[in-house]
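Below is one structure, written out as structure tokens; the observations come after it.
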Amino acid sequence: MNYREILPFVASAGRALFFSVVTAPAVVLFVIVIMTSRHGSLTDRYIDNARSLVGNAPAGMVMECTGSAEPSPAWTGDSPPPQYVKPPCIKTPVNAVSYAATQDSIMLNLWGIIAIVALGFRTICWALSDNPSKLSNILSGRKPDVTHCNHDK
């Protein structure tokens with residue numbers, strides 16, 4: 001096995017890695033931003049969210065919704081079911097550093113899930129193709145079939 005046989009595989013693996021780590025998460029983020037922006041201004045949402053987090057919060061803390069104010073009423077069956085109303089939350093101050101760490105962890109986990117799914121998708125597409133840079137072709141020493149090239153016609 002020489003470098004001319006392994007080089008196409010390394011190049012293909014590099015393209016798959018770039019696709020799964022950079023391209024796919026960027027496309028998903030772009031689609032999320034576009035879908036979110038269709039329902040109003042992103043800047044207004046950002047400012048409202050920031051105000052709800054820091055409004056009436058002590059220094060170094062943020063206000064987070066930790067529970068509901070009161071449980072929803074039980075439905076007995078004799079009367080019509082009550083309309084669902086989202087119960088108001090009880091905002092309590094939490095440490096800003098731990099809140100930021102939690103949010104960062106959520107975003108990193110989301111990126112990791114997208115990258116793993118994209119790498120799996122790319123690997124399946126690569127495995128189903130008849131690519132001469134497949135690792136199985138390289139290890140078996142099998143040469144690509146070039147008897148039916150388009151330029152021979």
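The values are calculated or read from the model by the stated rules, or taken from the named source; none is laboratory data. Nothing here was measured: the structure is a model prediction, and the numbers come from that model. A quick note on method: Cβ atoms are made from the backbone with ideal geometry, for glycine too, and the neighbour counts reach across all protein chains shown.
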Original post:
Going through the range 9-66 one residue at a time, which ones are small (Gly, Ala, Ser), loosely packed, with under 12 Cβ neighbours inside 10 Å and not in a helix (DSSP H, G or I)?
Top reply: 40, 41, 55, 59, 60
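Hey, does the range 68-85 have a residue that's at pLDDT 75 or above and not in a loop (DSSP other than H, G, I, E, B)? Steps first, please.
So in the range 68-85, the residues at pLDDT 75 or above come out as none.
No, the range 68-85 has no match at all.
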Original post:
Among the residues of the range 35-45, is any under 25 Å from residue 100 (Cα atoms) and among the aliphatic types (A, V, I, L, M)?
Top reply: yes
Original post:
Could you count how many residues in the range 17-35 are without any contact (Cβ under 8 Å) to a residue 40 or more places away in the chain and within 14 Å of residue 113 (Cβ to Cβ)?
Top reply: 2
